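What follows is a short report on a single structure.
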Amino acid sequence: MTAQLRFNNVTLGYDRHPAVHHLDGAVASGALIAVVGPNGAGKSTLFKGVVGALKPLAGSIGLSGVDSREIAYLPQVAEIDRTFPINVYDMVAMGLWRQCGLFGGIGRGQRQAIERALETVGLTGFESRAIGTLSGGQLQRMLFARLLLQDARLIVLDEPFNAIDTKTCSDLLDLIRHWHGEQRTVLAALHDIEIVKAHFPETLLLAREKVAWGDTGKVLTPENLAKARRMCEAFDEEATACAA
Amino acid sequence: MRKNLIAAMLAFICVLSSPALAQEKIRAIATFSILGDFVKNVGGDRVAVTTLVGPNGDAHVYAPTPADARALADAKVVFVNGLGLEGWMTRLVKSSGSKALSIVASSSVKPRRSADEHGHDADPHAWQSVANAKIYVANIRDGLIAADPAGKAVYEANAASYLGKLDALEAEVREAIAKIPADRRRIITTHDAFGYFGAAYGMEFIAPQGVSTESEASAKDVARIINQIRKQKIPAVFLENISDERLIQRIAVETGARIGGKLFSDALSDEKGPAPTYIDMMRNNIREFSIALQS
Amino acid sequence: MLYETLIAPFVEFEFMRRALVGVCALAVGAGPIGVFLMLRRMSLVGDAMAHAILPGAAIGFLVSGLSLVAMSTGGMIAGFVIALLAGLVARTTELKEDASLAVFFLISLAIGVTIVSLRGTNIDLLHFLFGSVLALDDHTLLLMAASAVLTLFVLALIYRPLVIECVDPGYLRSVSRLGTPVHLIFLALVVINLVSGFQALGTLLAVGIMMVPAAIGRFWARDITPMIAIAVAGGMISGYAGLVLSYQTGIPSGPAVILFAGILYALSLAFGTAGGLLRKLFPGRHLEA
């Protein structure tokens, strides 16, 4: 198995408090992994570490076969300025940045790719809509279309289905399955256990520390879930330095 | 024998006191620097002149100080220009309780109508004509003699010598103006002080329309002055009060007019400047005119 | 009659032609920059930076009088230093650009006024604060034209990452390292345009030719390219009309330009097709689909 991503005893956090504590393990190339855990379990923090937005407090995260700028990342809360006068088409076209850069023209091939991406997420006809006029679900689908165009080997999705209707949700799950079929590695943080059980073969159950990692069926047992729930959510202001 | 002794003592006392009398100078006040220059020239060593409005000062808007009032109280004779130049003088004299003799230097000068915005009826800048300056000097001489009869001879001699210099100056001025072609004897200047000069020597002094020293010039103002210069074919502009040189440059380039140097009209410059005396002042001005108006 | 009012002043007087060229060059550069400043919620930062260049220009004035080179160099140095500081502070700390820097910029305005008053007269101060658009000599015009050309050129270069940085900075950070450099280059362009505008309109109004046309554009376009075009057009019209106004009525030229821009803004606010008041109050019948 070629490891795309390696967690080497990594600790990530804020202000010396660990949000992810001593995580160790490997993500195989082409894997489809759900990252599950209660609120404050460190899922978003872990993903920020993976895409390089957060430096580890200890340990490291190793990437092989892919540059950190070639990862397609969908953050939980997008810092998008919805009042900016830009339309859906141009927004989605941003996905071609790594191909086109500062000056690359958008040729016929690229234009077709953009249209295909919009079609895949069901946003055909929305090309000239200003992004401020989209609903939550439409915005999310638009961001997925952009992800599509990024054509990345490693895709990281942080709570992609929050506030999405079921139809959109099932469409996007199809898309994820499609990616998996194309041998792309996909990491997704999710809340809904049923979706995980139905669509994700591998699961990492995280409660600041690794509770369990492996086959979804073996990980998402009532015992493991109970153990994760017992994890303490708040940072301990009186904690001493970690000896490990 | 006793009569001789008393006579001798009296003579002795007279002899003793006359040098003392001779050493004490007559205290004179001149209201501004040009007058002060005249008084110094006529009074010579006999007179100690105090000038109220010093070099580069503006006599029109001078605000007198308590020191001025004290000087006034101590003075024997005061020389004012008159013709409305020193509106503040009457109050000062009254408040100082001075018993000095007051001499109006411009008396018997033929006044001109004023064109300025100070609200005077007469133009006070009479000294700009050398002929008038000679009248000033004569009045000052007579005033000093009235205040200090003992010095009559000195004053008459000094005055005569200075009047001779002024005659020479007058000739200089006329010669310089004659050298300027007749159709070029006109300039724009913000000074309203050259009325007497213009009348005496045949030069035209035109006020700039619109461009003022206090406020921002608008496009209308600039257009007006350019039009004025073009229409009246004015060869030179003396606008050194307006400190944006670039604007003046622009006006000069667009009209072909020359930019003139610094003129002195209401006050002398200090010792180091180009116009520390009246004669120097007139020479400076005609030199600047000549340079700017050369064809 | 119309000719007399609108065309004749420019035909007759070279200083009017120069002023017109100057403000048009200014509008071309400042328009797009203003739009981006507005969209990035940096309008007040732009205003503050205009104040910040005053002490630099004032020191140049102290050293060499009203020399274009001295004042522009001084202004640019001051502007770049402040821009760098502002950019870095916003990037590396939680502090947004407008917060504590506002105090600093007010101080720099006070320092600048003091320095000018040390050597200059009231008229000098007026020209620092309100510009001297009627006295544009060859060098100044060249500077203004060069700024406009440079701005357009650089903007064309960094257009894409700049837009992305405005809309979705997180995305740009995830796919490129250009985020910070682009931000700093943009601030540099702001400084260059402010220094150029300073000559014509002075430190208090230079930012006006940036922000007011941008605000005008906001009411007529929903997409960024037409917004920029309208801002540039608005700036040029304001420049032209302001000069005519100053010529016909005698009000000072620099403020007249900004005043006219303000009138255009008020009209846009009322009647603009993209969010104007009239449209809001009377939207008309809704569409079928």
I need a count of the residues in the range C:167-187 that are modelled with pLDDT of 90 or more and in contact with a Phe, Trp or Tyr (Cβ under 7 Å, 6 or more places away or on another chain).
2
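This table checks each residue for (1) more than 13 Å from chain C (Cβ to nearest Cβ); (2) farther than 30 Å from A:Ala226 by Cα; (3) in contact (Cβ under 8 Å) with a residue 60 or more places away in the chain.
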position	(1), (2), (3)
A:Ser64	yes, yes, yes
A:Leu96	no, yes, no
A:Leu118	yes, yes, no
A:Val121	yes, yes, no
A:Gly132	no, yes, no
A:Ile155	no, no, yes
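Considering each residue of the range B:226-244, count those that are within 11 Å of chain C (Cβ to nearest Cβ) and at pLDDT 85 or above, and give that number. Give the steps one after another, and end with the answer.
Of the residues in the range B:226-244, the ones within 11 Å of chain C (Cβ to nearest Cβ) are B:226-227, B:230, B:241-244.
Going one step further and asking which of them are at pLDDT 85 or above, we end up with B:226-227, B:230.
Total meeting the criteria: 3.
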Subset of the range C:200-214 (residues that are in a helix (DSSP H, G or I) and at negative phi):
C:Ala200, C:Leu201, C:Thr203, C:Leu204, C:Leu205, C:Gly208, C:Ile209, C:Met210, C:Met211, C:Val212, C:Pro213, C:Ala214
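For every residue, the table says whether it meets (1) at pLDDT 95 or above; (2) surrounded by fewer than 19 Cβ atoms within 10 Å (Cβ to Cβ); (3) hydroxyl-bearing (Ser, Thr, Tyr); (4) closer than 30 Å to A:Thr221 by Cα.
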{"position": "A:Ser128", "(1), (2), (3), (4)": "no, yes, yes, no"}
{"position": "A:Gly136", "(1), (2), (3), (4)": "no, yes, no, no"}
{"position": "A:Gln150", "(1), (2), (3), (4)": "no, no, no, no"}
{"position": "A:Asn162", "(1), (2), (3), (4)": "no, yes, no, yes"}
{"position": "A:Ser170", "(1), (2), (3), (4)": "no, yes, yes, yes"}
{"position": "A:Asp174", "(1), (2), (3), (4)": "no, yes, no, yes"}
{"position": "A:Arg184", "(1), (2), (3), (4)": "no, no, no, yes"}
{"position": "A:Lys197", "(1), (2), (3), (4)": "no, yes, no, yes"}
With respect to C:Ile107, determine if the residue is among the β-branched types (Val, Ile, Thr) and away from every other protein chain (no Cβ under 14 Å).
yes
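Within the range B:245-270, how many residues are of a type outside the set (Lys, Arg), free of Cβ contacts under 8 Å to residues at least 24 places away in the same chain and over 17 Å from B:Gly198 (Cα atoms)? Can you show your working first?
Step one: filter the range B:245-270 for residues of a type outside the set (Lys, Arg), giving B:245, B:247-249, B:251-257, B:259-261, B:263-270.
Applying the additional criterion that residues be free of Cβ contacts under 8 Å to residues at least 24 places away in the same chain yields B:245, B:248-249, B:252-253, B:256, B:264.
Still in the running and over 17 Å from B:Gly198 (Cα atoms): B:245, B:248-249, B:252-253, B:256.
Summing the residues that are of a type outside the set (Lys, Arg), free of Cβ contacts under 8 Å to residues at least 24 places away in the same chain and over 17 Å from B:Gly198 (Cα atoms) in the range B:245-270 gives 6.
Does C:Ile263 count as without any contact (Cβ under 8 Å) to a residue 12 or more places away in the chain, in a helix (DSSP H, G or I) and either under 14 Å from the mean Cα position of the chain (by Cα) or surrounded by fewer than 18 Cβ atoms within 10 Å (Cβ to Cβ) (or both)? Break it down stepwise before answering.
Numbers: without any contact (Cβ under 8 Å) to a residue 12 or more places away in the chain: yes; in a helix (DSSP H, G or I): yes; either under 14 Å from the mean Cα position of the chain (by Cα) or surrounded by fewer than 18 Cβ atoms within 10 Å (Cβ to Cβ) (or both): yes.
It is true that C:Ile263 is without any contact (Cβ under 8 Å) to a residue 12 or more places away in the chain, in a helix (DSSP H, G or I) and either under 14 Å from the mean Cα position of the chain (by Cα) or surrounded by fewer than 18 Cβ atoms within 10 Å (Cβ to Cβ) (or both).
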From the set of residues in the range C:138-179 that are within 14 Å of chain B (Cβ to nearest Cβ) and surrounded by fewer than 18 Cβ atoms within 10 Å (Cβ to Cβ), which is nearest to A:Gln140 (Cα to Cα)?
C:Leu141
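Whether any residue in the range B:123-145 is in a strand (DSSP E or B) and either surrounded by fewer than 14 Cβ atoms within 10 Å (Cβ to Cβ) or modelled with pLDDT under 90 (or both) is what I want to check. I'd like the intermediate steps shown before the answer.
Going residue by residue through the range B:123-145, those that are in a strand (DSSP E or B) are B:123.
From what is left, the residues that are either surrounded by fewer than 14 Cβ atoms within 10 Å (Cβ to Cβ) or modelled with pLDDT under 90 (or both) are B:123.
There is at least one residue in the range B:123-145 that is in a strand (DSSP E or B) and either surrounded by fewer than 14 Cβ atoms within 10 Å (Cβ to Cβ) or modelled with pLDDT under 90 (or both).
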Residue check, A:Gly13 touching a Leu at 6+ places or on another chain (Cβ under 9 Å) and of a type outside the set (Lys, Arg):
yes
Members of the range B:59-88 that are touching a strand residue (DSSP E or B) at 6+ places or on another chain (Cβ under 7 Å), crowded, with 18+ Cβ neighbours inside 10 Å and either in contact (Cβ under 8 Å) with a residue 60 or more places away in the chain or farther than 20 Å from B:Ala48 by Cα (or both)
B:Ala59, B:Tyr62, B:Lys76, B:Val77, B:Phe79, B:Gly82, B:Leu83, B:Glu86
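Going through the range A:83-94 one residue at a time, which ones are in contact with a helix residue (DSSP H, G or I) (Cβ under 6 Å, 6 or more places away or on another chain) and either facing chain C (nearest Cβ under 9 Å) or modelled with pLDDT under 90 (or both)? Spell out the reasoning first.
Taking the range A:83-94 first, the residues in contact with a helix residue (DSSP H, G or I) (Cβ under 6 Å, 6 or more places away or on another chain) are A:83-86, A:88, A:91-94.
Those that are in contact with a helix residue (DSSP H, G or I) (Cβ under 6 Å, 6 or more places away or on another chain) and either facing chain C (nearest Cβ under 9 Å) or modelled with pLDDT under 90 (or both): A:Thr83, A:Phe84, A:Pro85, A:Ile86, A:Met91, A:Met94.
Being closer than 24 Å to C:Leu157 by Cβ and part of a loop (DSSP other than H, G, I, E, B) narrows it down to one residue among A:Ile106, A:Ile114; which is it? Spell out the reasoning first.
Numbers: A:Ile114 fails: part of a loop (DSSP other than H, G, I, E, B).
From the options A:Ile106, A:Ile114, the qualifying one is A:Ile106.
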Please determine, by comparing only the residues of the range A:34-53 that are touching a helix residue (DSSP H, G or I) at 6+ places or on another chain (Cβ under 9 Å) and of a type in the set (A, V, I, L, M, F, W, C), which one is surrounded by the fewest Cβ atoms within 10 Å (Cβ to Cβ).
A:Ala53
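Within the range B:212-221, restricting attention to residues that are in contact with a Leu (Cβ under 7 Å, 6 or more places away or on another chain) and modelled with pLDDT under 85, which residue is surrounded by the most Cβ atoms within 10 Å (Cβ to Cβ)? If you could, list the steps in order and put the result at the bottom.
The first filter runs over the range B:212-221 and keeps only residues in contact with a Leu (Cβ under 7 Å, 6 or more places away or on another chain), leaving B:216-217, B:219.
In the following step, the residues that additionally are modelled with pLDDT under 85 were identified as B:216-217.
Details: B:Glu216: 22, B:Ala217: 25.
The qualifying residue surrounded by the most Cβ atoms within 10 Å (Cβ to Cβ) is B:Ala217.
For (1) more than 14 Å from A:Val121 (Cα to Cα); (2) part of a loop (DSSP other than H, G, I, E, B); (3) of a type in the set (Ser, Thr, Tyr), each residue gets a yes or a no:
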site	(1), (2), (3)
A:Asn162	yes, yes, no
A:Thr168	no, no, yes
A:Leu172	no, no, no
A:Ala189	yes, no, no
A:Val196	yes, no, no
Applying the selection to the range C:1-31, what residues are without any contact (Cβ under 8 Å) to a residue 60 or more places away in the chain, among the β-branched types (Val, Ile, Thr) and not in a loop (DSSP other than H, G, I, E, B)?
C:Val11
Considering the range C:1-57, residues that are under 12 Å from the mean Cα position of the chain (by Cα) and β-branched (Val, Ile, Thr), and then whichever is farthest from the other protein chains (Cβ to nearest Cβ), we arrive at C:Val28
If I ask for residues that are more than 19 Å from A:Arg230 (Cα to Cα) and assigned to a loop (DSSP other than H, G, I, E, B), which ones from the range A:16-62 would you list?
A:Arg16, A:Ser29, A:Gly30, A:Ala31, A:Val51, A:Gly52, A:Ala53, A:Leu54, A:Lys55, A:Pro56, A:Leu57
Given (1) at pLDDT 90 or above; (2) in contact with a Ser or Thr (Cβ under 7 Å, 6 or more places away or on another chain), index of the condition A:Gln76 fails:
(1)
Only one of C:Gly217, C:Gly197, C:Gly235, C:Gly239 is part of a helix (DSSP H, G or I), surrounded by 24 or more Cβ atoms within 10 Å (Cβ to Cβ) and within 14 Å of chain B (Cβ to nearest Cβ); which?
C:Gly239
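Of all residues in the range B:244-264, which are assigned to a loop (DSSP other than H, G, I, E, B) and farther than 12 Å from C:Ala135 by Cα?
Result: B:Gly256, B:Ala257, B:Gly260, B:Gly261, B:Lys262, B:Leu263, B:Phe264.
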Considering only the range C:245-258, I want to know if a residue exists there that is in contact (Cβ under 8 Å) with a residue 60 or more places away in the chain, within 10 Å of another protein chain (Cβ to nearest Cβ) and under 15 Å from C:Leu39 (Cβ atoms).
no
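The values are calculated or read from the model by the stated rules, or taken from the named source; none is laboratory data. This structure is a prediction, so every number in the text was calculated from the model and none was measured. Positions of Cβ are backbone-derived with ideal geometry, glycine not excepted, and every protein chain shown enters the neighbour counts.
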